[in-house]
Amino acid sequence: MGRLLPVLVFGLAVLGFALKCSATTYTVGDTSGWDISTDLNTWSNDKKFNVGDILWFQYSSSNSVSQVSKESFESCNTTNVVKSYTGGNTTVTLTHAGDWYFVSGNKLYCLGGMKLHAEVENNQAYAPAGAPQAATGSGQGDHLPQPTSKSNIPTSSAFINCGPNVFLLAILGLIASMLYTDVKM
Ligand SMILES: *[C@@H]1O[C@H](CO)[C@@H](O)[C@H](O)[C@H]1NC(C)=O
Ligand SMILES: *[C@@H]1O[C@H](CO)[C@@H](O)[C@H](O)[C@H]1NC(C)=O
């Protein structure tokens with residue numbers, strides 16, 4: 001029985017981490033959605049996107065979402081897209097750190113502000129142990145915005161980012177130590 005305890009404690013700790021930093025799904029534009037009337041700049045301003053998070057675009061079926069390069073984002077050039085989505089219900093998983101740019105497939109809407117720039121951070125708490133560092137800016141040409149040093153920030157910053165659930169971790173730790181004491185007595 002005693003040999004099981006370290007495993008249990010470890011399991012609880014892992015669970016704590018998993019719950020602490022699980023990916024977030026963001027509904028782009030909240031209730032207004034991916035729409036010309038939405039102030040997407042304001043919507044994205046206070047968001048902290050992390051690798052593994054999901055952007056959920058909800059839009060009218062006559063509209064579309066295009067992932068584009070920085071240059072195309074700035075000029076609303078919808079000719080050359082990284083990826084294009086249609087259908088009104090699109091989820092995009094932010095698979096790597098760096099800058100992600102989305103515009104409406106309708107150039108006029110893009111010029112009217114229907115565009116989204118998401119700065120995605122590589123929060124190490126998300127990465128499975130031993131996983132290779134996500135390549136930054138792949139497919140985005142010359143723009144490599146996240147120097148490696150930035151993703152090497154100590155784990156404590158991950159705790160800041162995922163703050164609220166540190167409590168959960170503490171509680172799990174407490175339960176684990178209570179169990180441990182129980183068995184010893
Ligand atoms: C849009 O991008 C394409 C490909 O990068 C380029 O050939 C074209 O000239 C650009 N159009 C404008 C209006 O900038
Ligand atoms: C939209 O997509 C999400 C997740 O991909 C799914 O759960 C949901 O049912 C979809 N909604 C509609 C209206 O298709």
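Tabulated values for the structure
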| read-out | value |
| --- | --- |
| Neighbourhood net charge (13 Å Cβ-Cβ; Lys/Arg +1, Asp/Glu -1) for Ser104 | +1 |
| Extension gain (nm, one decimal) between Asn41 and Met178, 0.36 nm per residue minus Cα-Cα | 44.5 nm |
| Extension gain (nm, one decimal) between Ser60 and Thr31, 0.36 nm per residue minus Cα-Cα | 9.1 nm |
| Packing rank of 67-73, 55-61, where each peptide gets the mean count of other beta carbons within 10 Å, highest leading | 67-73, 55-61 |
| Kirkwood-type radius of the stretch 38-95, with distances r between different C-alpha atoms, in Å | 12.7 |
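All of the numbers you see were taken from the coordinates with simple rules; none came from a lab. This structure is a prediction, so every number in the text was calculated from the model and none was measured. Neighbour counts run over all protein chains shown; Cβ positions are idealised from the backbone, glycine included.
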